[in-house]
Amino acid sequence: NLGFDDNHLFVGRKPERLFLPKPHVSTAYVFTLEDYFFAYPNNYNYYVNHYRNTFQHGGVSLEEMVIPFAYLKAK
């Protein structure tokens, strides 16, 4: 159970609309917007200073998810 200010977040409360898995009825996804990021509450200042002004990928790319597929038929 996480608390957050959703002014700088995108909250997906209906994962099926985002084509994401929904393992539980209460499953929700939270994504940061722009240059914001999540920081652990323990050692908060360490993580903020460590990740400020950096680019974080945070997920998989389309190339990592799409599998090339071809259906070939003999003449």
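The values are calculated or read from the model by the stated rules, or taken from the named source; none is laboratory data. Predicted model, so just to flag it, every value in this text is computed and none were measured. No Cβ is skipped: glycine too gets one built from the backbone with ideal geometry, and neighbour counts run over all protein chains shown.
Things to note:
- Selection of first residues in the stretch 19-42 that are within 13 Å of LEU2 (Cα to Cα) and of second residues that are modelled with pLDDT of 85 or more and part of a loop (DSSP other than H, G, I, E, B), restricted to Cβ pairs under 7 Å at least 6 apart or on distinct chains, gives the following pairs, ordered by first then second residue: ALA28/ARG13; TYR29/LEU20.
- Within the option set GLU16, GLU64, being charged (D, E, K, R), out of contact with any Cys (no Cβ under 8 Å at 6 or more places or on another chain) and at pLDDT below 80 holds for one residue only, GLU64.
- Within the set THR27, THR32, the sole residue that is of a type in the set (Val, Ile, Thr) and touching a His at 6+ places or on another chain (Cβ under 9 Å) turns out to be THR32.
- Test: residue in the stretch 49-66 that is surrounded by 10 or more Cβ atoms within 10 Å (Cβ to Cβ) and aromatic (Phe, Trp, Tyr): yes
- Filtering the stretch 43-75 to residues that are within 21 Å of HIS8 (Cα to Cα) and part of a loop (DSSP other than H, G, I, E, B) leaves ARG52, ASN53, THR54, PHE55, GLN56, HIS57, GLY58, GLY59.
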